[in-house]
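Trainee: Structure incoming, see below.
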Amino acid sequence: MSAVSRKQREFQAREELIVDHAQDLLLAKGYLGLNLDELAEKIEYSKGTIYLHFDSKEDLLLGVVNRMSEVRSRLFRHAARYPGRSREKCCAIGVADLILNARQPHAFQMMQLVSTDSVWEKTSQIRQERLRKTGMQIFDAALGVAQEAVLAGDLAETGITPQEVVLGLFTMSKGAMLVQSTEEFVHPTIAGTVLRSLQMNRHRFLDGAGWKPLYKDFDYEALEKRLHGEYFAVPRSEEHTSELQSRQ
């Protein structure tokens with residue numbers, strides 16, 4: 001291998017190190033507590049070295065969000081390959097979101113933050129494109145399952161399109177995750193029940209769309225337990241796949 005490729009590998013490894021520690025600081029202290037001087041000390045490089053990789057603090061946040069989004073994309077694509085009927089695969093996608101939330105409890109908050117104009121406008125175009133690409137992969141994984149349901153006759157023609165079904169599920173999930181992440185500000189009667197309500201509301205929505213088998217005809221609770229305990233039993237170390245691997 002050439003010296004250039006070795007330098008590229010070293011550059012990539014250093015960037016992964018920066019993202020690793022930035023993610024830890026974000027989870028511990030939040031975005032406002034992400035201090036680049038403290039980060040530089042933790043990784044034992046200068047702050048100038050961080051700026052060789054990231055245009056700004058906002059760009060670094062997007063680097064962390066990209067990693068989280070790529071984890072979500074891998075989980076969704078794995079869910080879409082579940083060996084069952086289309087609605088079972090859809091259920092697996094819902095469980096994948098719960099798993100991401102459990103492993104990275106602030107992921108949805110960070111994704112929301114990075115989409116604000118004040119942050120987004122200070123990020124690099126290459127990382128913006130990466131996030132758009134991953135977002136397409138995530139939506140396409142779910143859309144493929146819905147389209148499969150139509151072809152199999154599981155999702156009857158009731159006037160709602162596969163795209164509308166997926167959009168409904170995504171908005172429901174995003175809203176619930178954001179409420180759950182700020183639970184201290186919500187009414188005490190729903191505290192601790194948000195994610196369970198999300199699961200039930202998904203099933204009510206899918207029943208309303210006519211996606212078979214309906215909730216009354218299938219043991220989805222047993223399926224969710226199997227998904228959590230077996231199908232998604234993947235080592236957490238696999239979450240830290242490098243940006244280079246994610247592009248391949």
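The values are calculated or read from the model by the stated rules, or taken from the named source; none is laboratory data. Predicted, not measured: the structure shown is a model, and the values here were computed from it. Here the Cβ is made from the backbone with ideal geometry for all residues, glycine too, and neighbour counts use every protein chain on show. The accessibility values were calculated without ligands, DNA or RNA, using every heavy atom of the protein model including side chains. Shrake-Rupley method; radii C 1.70, N 1.55, O 1.52, S 1.80 Å.
Okay, residues lined up against (1) part of a loop (DSSP other than H, G, I, E, B); (2) of a type in the set (Asp, Glu); (3) modelled with pLDDT of 95 or more; (4) within 17 Å of residue 92 (Cα to Cα):
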site	(1), (2), (3), (4)
149	no, no, yes, yes
158	yes, no, no, no
175	no, no, no, no
206	no, no, yes, yes
238	no, yes, no, no
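Trainee: Let me ask something else. Please determine, by comparing only the residues of the range 114-133 that are in a helix (DSSP H, G or I) and polar (S, T, N, Q), which one is least open to solvent (accessible area, probe 1.4 Å).
Mentor: 128
Trainee: Still on this structure, I have one more. Give the residue, chosen from 100, 155, that is farther than 22 Å from residue 68 by Cβ and crowded, with 17+ Cβ neighbours inside 10 Å.
Mentor: The match here is 155.
Trainee: Looking at the range 139-152, which of the residues that are open to solvent by less than 70 Å² (accessible area, probe 1.4 Å) and without any contact (Cβ under 8 Å) to a residue 60 or more places away in the chain is nearest to residue 211 (Cα to Cα)?
Mentor: Checked the range 139-152; the qualifying residue nearest to residue 211 (Cα to Cα) is 150.
Trainee: Is it the case, given these coordinates, that residue 83 is part of a loop (DSSP other than H, G, I, E, B), within 30 Å of residue 203 (Cα to Cα) and free of Cβ contacts under 8 Å to residues at least 60 places away in the same chain?
Mentor: yes
Trainee: Got at least one residue in the range 158-181 being buried (at least 18 other Cβ atoms within 10 Å of the Cβ), among the charged types (D, E, K, R) and touching a residue at least 60 places away in the same chain (Cβ under 8 Å)?
Mentor: no
Trainee: What are the residue pairs meeting all of these: first residue in the range 100-114, first residue among the β-branched types (Val, Ile, Thr), second residue at pLDDT 90 or above and open to solvent by 10 Å² or more (accessible area, probe 1.4 Å), Cβ atoms under 8 Å, and 6 or more apart or on different chains?
Mentor: Here the result reads 114/58; 114/120; 114/123; 114/131, each pair linking the range 100-114 to a residue that is at pLDDT 90 or above and open to solvent by 10 Å² or more (accessible area, probe 1.4 Å).
Trainee: Kindly provide the set of residues from the range 115-136 that are among the basic types (Lys, Arg) and in contact (Cβ under 8 Å) with a residue 12 or more places away in the chain, ordered by number.
Mentor: 122, 127, 130
Trainee: Would you check which residues across the range 23-56 are within 22 Å of the chain's Cα centre (by Cα), buried (at least 17 other Cβ atoms within 10 Å of the Cβ) and free of Cβ contacts under 8 Å to residues at least 24 places away in the same chain and list them?
Mentor: Correct list: 25 only.
Trainee: Can you say whether residue 65 is at pLDDT 95 or above and within 30 Å of residue 94 (Cβ to Cβ), as far as the supplied structure shows?
Mentor: Answer is yes for this residue.
Trainee: Would you check which residues across the range 84-95 are surrounded by fewer than 21 Cβ atoms within 10 Å (Cβ to Cβ) and touching a Lys or Arg at 6+ places or on another chain (Cβ under 9 Å) and list them?
Mentor: Correct list: 85 only.
Trainee: If residue 136 satisfies every condition in (1) within 27 Å of residue 91 (Cα to Cα); (2) within 14 Å of the chain's Cα centre (by Cα); (3) open to solvent by less than 50 Å² (accessible area, probe 1.4 Å); (4) of a type outside the set (Phe, Trp, Tyr) but one, which is the exception?
Mentor: Looking at each condition in turn, residue 136 falls short on (3).
Trainee: Let me ask something else about it. Scan the range 190-214 for residues that are more than 22 Å from the chain's Cα centre (by Cα) and either free of Cβ contacts under 8 Å to residues at least 12 places away in the same chain or open to solvent by 60 Å² or more (accessible area, probe 1.4 Å) (or both) and jot them down.
Mentor: 190, 191, 204, 207, 208, 212, 214, listed by residue number.
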